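Reviewing the structure listed below.
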Amino acid sequence: MEAAVASAPFSNTYYYIPPLSFLSRVSISLHPASRRQQQQRHQFFRRSSSSIPFSRGRSCCFASSPEALVAAAANSALGRGVANKRGGGDGEEKEECGDLKSWMHQNGLPPCKVVLRDRPSLDEMLCSIHYVAASEDLQAGDVAFSVPNSLVVTLDRVLGNETVAELLTTNKLSELACLALYLMYEKKQGKKSFWYPYIRELDRQRGRGQLAVESPLLWSEAELAYLTGSPTQAEIIERADGIKREYDELDTVWFMAGSLFQQYPFDIPTEAFSFEIFKQAFVAVQSCVVHLQKVSLARRFALVPLGPPLLSYRSSCKAMLSAVEGAVELVVDRPYKAGEPIAVWCGPQPNSRLLINYGFVDEDNPYDRLMIKAALNTEDPQYQEKRLVAQRNGKLSMQDFLVQVGKEKEAVSDMLPYLRLGYVSDTSELESVMSSQGPVCPVSPCLERAVLDQLAEYFNKRLALYPTSLSVDELMLADDKLNPKKRVATQLVRLEKKILNACLEATRDLIAQLPDLTISPCPAPYAPSLK
C-alpha cells in the first residue's frame, strides 16, 4: 500500500488522508455530553483499541471531512473494499452514494440542483470515487446548492462559543488542527455520531481528490524522490514538521478547552491518537477546508459536506463556496449540462501548493510561479549603504522575487537592478544603478555581463538539479500506465523546468543585446547570492 496507512478508530476499515495548508491558530473543544455517554465512548475506544485513519480530498475552498479521517487502515480492510467493489458491490456503492445526500436532506438541506455520481479510480486497487454533478442543466448564476449552517463544521460550532473560539487562538494550534481533532473524536463515536454519514463518505474517498492522488505529505520517501530537484520537496518536509509541532501541542489545547475536557475527560489527544493518525486527519481537513469570506474568525474555515473532495478544483474557475444568511452556498460561474461535474476555484495558488494541499497539478494554472531568493553580500564593506539604497527602492537586503508563468522576461528584468547593486563599488553609482530602467545597465558593460552571467549560471544550476530532462518528462507523461503519484510529480517538475528554461532564454537574449560580446565580466568579490 502506498503512503501512510492507519487503522480507523471508529471502524475496522483503513483510510487515507487529504492534504492541508497552514492557517491561523485556534484550539478546539466539543459539545458537552452526559457522564454516561462519556463512559460509553471511552469503553468503545478501549474495545476498538484502534486509531483513527483519515482520507484525503482535494479542494481549496471546501471541507474534507470525518470520512477522510476514516480513510487509511489495513490491507485487509482495503482488500474488503476492493472485493466489494469487484464483487457486485455496485448497488451498495450507489446506496452509499445516496446516503450522504439523503442524510443532508433529512437534516435541513433544501432541494438542490446536484447529484452524487461515481467515477473509476486511477488505482484499480481502490474503490471508485464520488463527485458532485449537475442534476439538470445549469446557467451561470444558478445556485447549485445551499448547505444550512447546521450541516457545516466550523470552530464556533466545535467550541460551542464564538468568543471562546477566538480567544483560544494561539501560536500553538491552527484551525485545521482543531477541526481535525474534533473529527477524530467524532469518528470514535461511530454510528452514534451525528456526522457519521459525512465521515463515512470522506473515508470512502480515502483522502483522494477528483484526480485520485493523495497529498505528498503522506507519500513515502521513495515517492518523494519523484520530486528531486524541486523546491517543493523541502516545502513538504517543512510542512510535515509543522504538523508534528501541532500534534505536540494537542494536550495543552485540550486542557485549555473546557468543553472538550468535560466531554472526553479520559481521552487525552496524544494518548487517544497516534501522530500518524493525526497527520492523516490533518491532511484530510487541509484538502477540503473551505476558506469563507466576510465571516467571523471562528467561522472562516469550514467543512462543508457537498464541498471538496466531492467538488473539483479548477484554476480558471471563479465559482466559490460563499457564506450567506444561515447557509453556505455555491453559485456556478458557467453553464453546465446535466451530469457534468461541477468545479470551483481553488484560489490563486501555484502548482506546488495545489500538489501539497490537494494532490493535483493544473497544467493551465495562470497562478503558477517559482521563487528566487536574492541577498546582498553581508561581507561587502558597502553593505549598509547598499541595504539603505535597496530599501529606498522598495527592496530588502534579502529579497524574494516571484517568477510568474508567462512573465519570465519581466521577472528577469525586475531582478537586474537589485543584482547590479551588489556589483558596483562607486558610492555615487549606487542610487543610479538601483533605479535604472531598461535591460542594459548604463554604468558598465563588463558589470552587466557579470550580472547576466551570474543569472544564466544560476538557472543552469537549478535545471541541473533535476534528474530528468524535459523530453524525458514528456515521454513519461505519454505513458497511460504511469503511476498516478509519479505522474503528478512529473507534471510539477516539468512545469517548473519550463519556467526556468524561459528565464534562461530571456537572460541569454539580454546577453546577446550587449554592445560588445567580447568584454569579459567584471570581477565580483561581493556579488549577491541567489537561491
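Residue under question is residue 207, and the condition is that it be at pLDDT 90 or above, at positive phi and not aliphatic (A, V, I, L, M); does it hold? Can you show your working first?
Numbers: at pLDDT 90 or above: no; at positive phi: yes; not aliphatic (A, V, I, L, M): yes.
It is false that residue 207 is at pLDDT 90 or above, at positive phi and not aliphatic (A, V, I, L, M).
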Is the range 497-509 home to any residue that is touching an Asp or Glu at 6+ places or on another chain (Cβ under 7 Å), under 11 Å from residue 226 (Cβ atoms) and buried (at least 20 other Cβ atoms within 10 Å of the Cβ)? no
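Has the range 183-200 got at least one residue that is at pLDDT 80 or above, of a type in the set (A, V, I, L, M, F, W, C) and closer than 15 Å to residue 301 by Cβ?
Yes, some residue in the range 183-200 is at pLDDT 80 or above, of a type in the set (A, V, I, L, M, F, W, C) and closer than 15 Å to residue 301 by Cβ.
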The lone condition residue 474 fails out of (1) surrounded by 16 or more Cβ atoms within 10 Å (Cβ to Cβ); (2) within 27 Å of residue 366 (Cβ to Cβ); (3) charged (D, E, K, R) is (1)
Sort out which residues of the range 446-483 are closer than 30 Å to residue 421 by Cβ and under 26 Å from the mean Cα position of the chain (by Cα), and write them in order of number. 462, 463, 465
Could you grab the pairs with beta carbons closer than 8 Å, sequence gap of 6+ or different chains, first residue in the range 455-472 and under 18 Å from residue 509 (Cβ atoms), second one open to solvent by 70 Å² or more (accessible area, probe 1.4 Å) and assigned to a helix (DSSP H, G or I)? 456/508
Residue hits (the range 482-511; outside any helix (DSSP H, G or I) and aliphatic (A, V, I, L, M)) are 482
Mind checking which pairs have a first residue in the range 473-486 that is more than 21 Å from residue 220 (Cβ to Cβ) and acidic (Asp, Glu) and a second that is in a loop (DSSP other than H, G, I, E, B) and modelled with pLDDT of 95 or more, Cβ under 9 Å, 6 or more apart or different chains? 473/466
Being out of contact with any Leu (no Cβ under 6 Å at 6 or more places or on another chain), within 22 Å of residue 499 (Cβ to Cβ), among the acidic types (Asp, Glu) and open to solvent by 30 Å² or more (accessible area, probe 1.4 Å) is the requirement here; does residue 333 meet it? no
The range 516-531 residues that are within 17 Å of residue 421 (Cβ to Cβ) and open to solvent by less than 80 Å² (accessible area, probe 1.4 Å), paired with ones that are polar (S, T, N, Q) and modelled with pLDDT under 85 (beta carbon under 7 Å, 6 or more apart): 522/444
When you scan the range 335-351, do you find a residue that is part of a helix (DSSP H, G or I) and either touching a helix residue (DSSP H, G or I) at 6+ places or on another chain (Cβ under 7 Å) or closer than 20 Å to residue 410 by Cα (or both), even just one? yes
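Given the criteria of a type in the set (Asp, Glu), modelled with pLDDT of 90 or more and open to solvent by 10 Å² or more (accessible area, probe 1.4 Å), does residue 156 qualify?
On the way: of a type in the set (Asp, Glu): yes; modelled with pLDDT of 90 or more: no; open to solvent by 10 Å² or more (accessible area, probe 1.4 Å): yes.
Taking the combined requirement at face value, the residue does not satisfy it.
Consider the range 379-405. How many of its residues are assigned to a loop (DSSP other than H, G, I, E, B) and surrounded by 12 or more Cβ atoms within 10 Å (Cβ to Cβ)? Reasoning before the result, please.
First, pick out the residues of the range 379-405 that are assigned to a loop (DSSP other than H, G, I, E, B): 379-382, 393-397, 405.
Filter once more, so that each one left must be surrounded by 12 or more Cβ atoms within 10 Å (Cβ to Cβ): 380, 382, 393, 395-397, 405.
So the count comes out to 7.
The values are calculated or read from the model by the stated rules, or taken from the named source; none is laboratory data. None of these values were measured; they are calculated from a predicted model. Here the Cβ is made from the backbone with ideal geometry for all residues, glycine too, and neighbour counts use every protein chain on show. These area figures cover heavy atoms from the full protein model, side chains too; ligands, DNA and RNA do not enter into them. Shrake-Rupley method; radii C 1.70, N 1.55, O 1.52, S 1.80 Å.
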